[in-house]
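First up is the structure itself, then whatever we jot down about it.
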Amino acid sequence: MCWREERPFARLADWLEAIGITSVAMESTGVYWIPVFEILQSRGIEVLLANARDAKQVPGRKTDVKDAQWLQQLHQYGLLRGSFHPTSEIATLRAYLRQRERLLEYAAAHIQHMQKALMQMNIQLHHVVSDITGATGMRIIRAIVAGNRDPEELAKYRDTRCKASEATICKALSGNYRNEHLFALRQALQLYDSYQANVSACDHEIETVLAALQSPKQPEVPLPKARHRTRQPNALNFDVRKALYAIIGVDLTQIHGMGPYLALKLISECGSDMTRWATAKHFTSWLCLAPGNKISGGKVLSSKTRRSSNRATALLRLAAVNVGKTQTAMGAFYRRLAARIGKAKAVTATARKLAIQFYNVLRYGTEYCDPGVDYYEKRYHQRVLRNLKERAKQFGLVLLPEGT
């Protein structure tokens, strides 16, 4: 195929339709597969997207032609396993959310640039406010860029929720306002505002996609009481929880460790149709959160979890770290494992539990109910006591309560 010709993929689709091809297998390498996949799928051709790792063992000399012939042979005999790909609507939502995350990363770099310019001017703003992009910090920075240099005047921009007093802020703003540093601060602020405007544009597109996903015939069910009332950093500028509930009919934020934004990102990565995985074990295996199964000659060679670049896995691991700080049964489970086998394995095990809860809530509508940290600790003590009694029984001993 000549890549200089116009519409090469459309001509490929025309040719496949002309010779009666209804099913195509292809490898997912980088982002090069995306335009081919979308064009063929729009023509009604079944496209099986295979992981290159599963089909890389090509017999003989490795060439592109032999690789394609090997894929065709595996697909002909039904030996290729297709990678998960969400519906077009969920894929659109995922694209907008990933673009939003990328914009936030770019904006974070310019926050560092602003902080560097302030440090060079000996303005210790970051010592008196928890976040320079908060209400107090941004008011002061904008006033400095506008030409205000008086520390007492700048300190009056303090928000009422700020813990530091005006006198403390005034001392931190007595700096050396050199022109080159002010120029760097002004440009960093302009770039930060530009990225924030683009993030707002992404929020509008995401809200539009979520509105389109809502079923008009779905009966109105009252939204459960929110468990998280504080606004999360970098949250979207509309009610994500309400929009998600109108689409899937369940409130994922009731699961400890999952806020509205994290739940939305999980839906964009995994979709809302959990029937794509037969059981919760299949789902956790796809996430690479289940133990491995490397056995040869009846001997377990390894049971380590596989490495994964799955974004949903990273989100669940983040939720596991957050839930480990809570006074819940899941939090007690995380802390118990972290003390026994280390934090890394505890994060994986807790992320797997969260994935199972996520799967059950979406597929079966199971209502998440936390039994509490006391319930978990009580079960743990009962389990330890039962094991001790069993071991004592093996030695012909009987355990008695203290003082008897």
TODO: Estimate the FRET efficiency between Glu205 and Gln112 by the formula 1/(1 + (r/R0)^6), using the beta-carbon distance for r and 30 Å for R0, to the nearest 0.05.
DONE: 0.65
TODO: Could you please report the charge total around Tyr364, scoring K, R as +1 and D, E as -1 over all other residues with beta-carbon less than 15 angstrom from its beta-carbon?
DONE: 0
- [ ] Compute the distance in nm between two label points, each set 7 Å from the Cα along the Cα-to-Cβ direction, one at Ser174 and one at Arg336.
- [x] 5.6
Open item on the list: Apply the Karplus curve 6.51 cos²θ - 1.76 cosθ + 1.60, θ = phi - 60°, to the phi angles in the stretch 241-255 and return the couplings in whole Hz, x for Gly and Pro.
Closed with: 4, 5, 5, 5, 5, 5, 8, 9, x, 9, 9, 6, 6, 6, 6
TODO: Could you size up the charge dipole of the chain around its Cα centre, putting +1 on the beta carbon of Lys and Arg and -1 on that of Asp and Glu, and report it in debye to the nearest 20?
DONE: 2060
TODO: Note down the accessible area of Ser272, probe 1.4 Å, to the nearest 10 Å².
DONE: 50
TODO: Tabulate in residue order the Karplus-calculated ³J(HN,Hα) for the stretch 150-159, using 6.51 cos²θ - 1.76 cosθ + 1.60 with θ = phi - 60°, rounded to whole Hz; enter x for Gly and Pro.
DONE: 6, x, 5, 5, 5, 5, 6, 7, 4, 6
- [ ] Could you calculate the contour length gain from Asp159 to Arg53, that is, 0.36 nm times the residue separation minus the distance between their Cα atoms, to one decimal place in nm?
- [x] 32.7 nm
Open item on the list: Given points 7 Å out from each Cα along the Cα-Cβ axis, report the His282 to Gln232 separation in nanometres with one decimal.
Closed with: 2.8
TODO: Find out how many positive minus negative residues lie around Leu385, taking Lys and Arg as positive, Asp and Glu as negative, among other residues whose Cβ is under 14 Å from that of Leu385.
DONE: +4
Task: the chain - percent relative contact order, Cα under 8 Å, separation 6 or more - done: 11
Open item on the list: Please compare each pair in Lys163/Lys325; Lys299/Lys345; Lys281/Lys343; Lys281/Lys389; Lys265/Lys343 to a cut-off of 30 Å on the Cα-Cα distance and tell me which ones are over it.
Closed with: Lys281/Lys389
Task: His127, His113, His256, ranked by accessible area, largest first (probe 1.4 Å) - done: His127, His113, His256
Open item on the list: With a 1.4 Å probe and all protein chains left in place, how much of the accessible area of the stretch 196-345 comes from carbon and sulfur atoms, in whole percent?
Closed with: 53
Open item on the list: Test of understanding: given the chain, find the longest segment containing no GluC sites (Glu not before Pro) that are in a DSSP loop and have at most 12 other Cβ atoms within 10 Å.
Closed with: 7-219
TODO: Calculate, for Glu402 and Asp273, the FRET efficiency according to 1/(1 + (r/R0)^6) with r their C-beta to C-beta distance and R0 51 Å; round to the nearest 0.05.
DONE: 0.40
- [ ] Could I have the simple spin-label model distance between Ile19 and Glu377, label points 7 Å from Cα toward Cβ, reported in nm to one decimal?
- [x] 7.0
Open item on the list: Around Ala55, under 13 Å between beta carbons, what's the net of Lys plus Arg minus Asp minus Glu among the other residues?
Closed with: +2
Open item on the list: Suppose the chain between Glu367 and Phe395 were pulled fully straight at 0.36 nm per residue; how much longer would it get relative to their current alpha carbon spacing?
Closed with: 5.6 nm
Task: Karplus (6.51, -1.76, 1.60) ³J(HN,Hα), θ = phi - 60°, over the stretch 90-97, in Hz, Gly and Pro reported as x - done: 5, 5, 5, 4, 4, 5, 5, 5
Task: Accessible area expressed per residue, the chain, with surrounding protein chains retained (probe 1.4 Å, Å²) - done: 62
Open item on the list: Computing the accessible area with a 1.4 Å probe over protein heavy atoms, can you report the carbon and sulfur percentage for the stretch 139-191?
Closed with: 48
TODO: For Lys242 and Ser303, calculate 0.36 nm times their separation in residues minus their Cα-Cα distance, and state this gained length in nm to one decimal.
DONE: 17.9 nm
- [ ] With a 1.4 Å probe and all protein chains in place, put Asp251, Asp193 in order of accessible area, largest first.
- [x] Asp193, Asp251
Task: Distant-in-sequence amide H partners of Ala25 (H built 1.01 Å from N, under 5 Å) - done: Leu48
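The values are calculated or read from the model by the stated rules, or taken from the named source; none is laboratory data. Please read all numbers here as calculations on a predicted model, not as lab measurements. Methodologically, a virtual Cβ is constructed for each residue, glycine included, from the backbone with ideal geometry; neighbour enumeration extends over all protein chains shown. For accessibility, only protein heavy atoms count, side chains too; no ligands or nucleic acids. Shrake-Rupley method; radii C 1.70, N 1.55, O 1.52, S 1.80 Å.
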